[in-house]
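Read the figures in this text as sums done on the coordinates, not as results from a lab. Every value quoted in this text rests on a predicted model; they were computed, and no experiment measured them. Cβ sites come from the backbone with ideal geometry, for glycine too, and all protein chains shown count toward neighbours.
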């Protein structure tokens, strides 16, 4: 079955006369429960919910994993994965250019618990040199926001040889764009807030695993830490999966067209898109990714030029996050934490017609150059 078909059918119940294709969300804090709790599938709302179960089944199909655990946010999924795999004295190898909040969690909270954190860039598979004695290798490919790419299969082989587990933050490409578990990783993690659900209207995350014993530990963490998602958010996410292939195909075609346009501009610097022929990430990305994601990054001359450019765009919303059907952009350095120029722009390409988007970007660039 092809992915475009799989995303529409994933996690749906068997057809039954008079029943909806996708049952609505189950709102339940408590369930009828008499006698032995083990005799019931559902006992309490923080433990489990049939809406979660349907979404987890769907994501597991798409990730090609053994099981999936859904969380209230991408960072809840990050914290849970770190929490069930690391203890005092362990060594974590992580990209120095990984998502800022994930880095802050490891170099802050987890380091105070006695976890050694080794940082190395995504580019050039630099983490491979840090694996001696490691417990866990954390990868993010493409990295956010710099869009560097690493060879996942190569690093997985090296990590496993060193006795380390491997997590891949797969948020940017989604489970349709790249499949870390197929490439040998132990965990595939995503902030489903982004392109997986794609409508900029919910916060959610998931972790898929190859070894189902890890999902039991992740569920225990979710229950004990209280990082349970709301049923409505999970139902909206499941509904949104049906358009994931259509959205990603349009977004990535648009992103490539925009990257090619930006490459023609002398006022654009440091352009990155893994799907762009000539990008340093292209040789690996073209081999291990089906979709290179909706994010394009580039820099303008200064903070002031970047801010005027964003204000001049008519079809681009200035906002953080990425992956939605709307085209958004931000001057990423305004947050601090990432080693990017003051004029660095992270552009998340949506589903509008690429010709309209390019025309808008062109007029905005021309306007700020003429001022």
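Points to keep in mind about this one:
- Residues of region 41-68 with amide N under 14 Å of the 7 Å Cα→Cβ point at residue 223: 41-49
- Cα long-axis angle, helix 231-241 against the chain (0 to 90 degrees, to the nearest 10): 60 degrees
- Acute angle (nearest 10 degrees) that the helix 50-63 long axis makes with the longest principal axis of the chain, alpha-carbon atoms: 50 degrees
- Across the chain, C-alpha contacts under 8 Å between residues 6 or more apart give a mean separation that, scaled by the residue count, equals a relative contact order of 16 percent.
- Extension gain (nm, one decimal) between residue 100 and residue 320, 0.36 nm per residue minus Cα-Cα: 77.9 nm
- For the pair residue 266 and residue 359, a Förster radius of 30 Å applied to the C-beta separation gives a FRET efficiency near 0.95, rounded to the nearest 0.05.
- A quarter of the convex hull surface defined by the alpha-carbon atoms of region 45-147 gives 7.7 nm² as the mean projection.
- Counting DSSP beta bridges with both ends in region 245-370, the antiparallel % (nearest 5): 85 percent
- Using bins of 10 Å that start at zero, the share of Cα-Cα pairs per bin across region 245-370 amounts to 14, 48, 33, 5, 0, in whole %.
- Most mobile of 65, 293, 133 in a GNM of the chain (Cα contacts under 10 Å): 133
- Taken over the alpha carbons of region 84-236 as equal point scatterers, the Debye sum produces base-10 log I(q)/I(0) values at 0.11, 0.15, 0.18, 0.20 Å⁻¹ of -0.42, -0.80, -1.17, -1.43.
- Modelled FRET efficiency - R0 35 Å, residue 9 with residue 153, Cβ distances, 0.05 increments: 0.80
- Within the listed set 177, 83, 74, the residue fluctuating most in the Gaussian network model of the chain (springs between alpha-carbon atoms under 10 angstrom) is 83.
- A Förster distance of 30 Å, applied to the separation of the beta-carbon atoms of residue 335 and residue 290, puts the FRET efficiency at 0.50.
- Computed extension length for residue 367-residue 88: 95.0 nm, one decimal, from 0.36 nm per residue of separation with the Cα-Cα distance subtracted.
- In the chain, the calculated helix contribution to ellipticity at 222 nm averages -10500 deg cm²/dmol per residue, counting -39,500 (n - 2.57) for every DSSP H run with n ≥ 4.
- For the chain, radius of gyration divided by Kirkwood radius, i.e. Rg to Rh on alpha-carbons: 0.99
- Gaussian network model of the chain, springs between alpha carbon atoms under 10 Å - residue of 231, 20, 294 with greatest fluctuation: 20
- Angle between the chain longest axis and helix 303-312 axis [Cα atoms, degrees, rounded to 10]: 80 degrees
- Region 245-370 - percent relative contact order, Cα under 8 Å, separation 6 or more: 27 percent
- Beta bridges per DSSP with both ends in the chain, % antiparallel, nearest 5: 55 percent
- Between residue 113 and residue 301, the simple label model (points 7 Å from Cα in the Cβ direction) yields a spacing of 4.9 nm.
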